[in-house]
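Accompanying notes for the structure given below.
The values are calculated or read from the model by the stated rules, or taken from the named source; none is laboratory data. Because the structure is a prediction, the values reported are computed rather than measured. Glycine gets a Cβ as well: all are built from the backbone with ideal geometry, and neighbour counts include every protein chain shown. The area values use the complete protein model at the heavy-atom level, side chains included, leaving out ligands, DNA and RNA. Shrake-Rupley method; radii C 1.70, N 1.55, O 1.52, S 1.80 Å.
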Amino acid sequence: MVNDIIADSLTRIRNASMRRLESTVLHYANIVVSILEIFKKKGFIRDYKIVDKSNKQFISVQLEYDDNGVSVINEIKRISTPGRRVYVGYSGLKKFKNGYGTIVVSTNKGVIANDEAYRANTGGEVLCSIW
């Protein structure tokens, strides 16, 4: 059993990316689907789909690589953990890595990227960062 489903998912994506695998499989959770939707919108993964296997749901993630076969993900990191929650106001979410990276924030308007949270003038719990 996994205690931190987000950290487990990010680690699986990071490991598959380092090994240059085409896809990886994650445990299903609604918050993981929300994070993957942001990654897909920002171009860090190619696609994902929910798969049913023996009465359990999994998420199959297709990773994105550039023309040279190098992963577009340089770093993917969990920021807020179950033991240490990190909250940031909207002013702390303006830019990350000069606009090349994305911070995923859980707000009262749902799980959104840092640029959307800044435009919506809302802060929240910082889940993870990717660039």
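Side notes on the structure shown:
- Criterion: aliphatic (A, V, I, L, M), surrounded by fewer than 19 Cβ atoms within 10 Å (Cβ to Cβ) and in contact (Cβ under 8 Å) with a residue 12 or more places away in the chain - qualifying residue of 5, 13, 59: 5
- Residue in the stretch 33-45 that is surrounded by fewer than 15 Cβ atoms within 10 Å (Cβ to Cβ) and small (Gly, Ala, Ser) present: yes
- Filter pass, residue 26 being touching a strand residue (DSSP E or B) at 6+ places or on another chain (Cβ under 9 Å), part of a loop (DSSP other than H, G, I, E, B) and either under 18 Å from residue 125 (Cα atoms) or modelled with pLDDT of 95 or more (or both): no
- Some residue of the stretch 63-84 being open to solvent by less than 40 Å² (accessible area, probe 1.4 Å), over 20 Å from residue 16 (Cβ atoms), of a type outside the set (Val, Ile, Thr) and not in a strand (DSSP E or B): yes
- Any hit, the stretch 91-98, residues being at positive phi, without any contact (Cβ under 8 Å) to a residue 24 or more places away in the chain and either in contact with a Ser or Thr (Cβ under 6 Å, 6 or more places away or on another chain) or of a type in the set (Ser, Thr, Tyr) (or both): no
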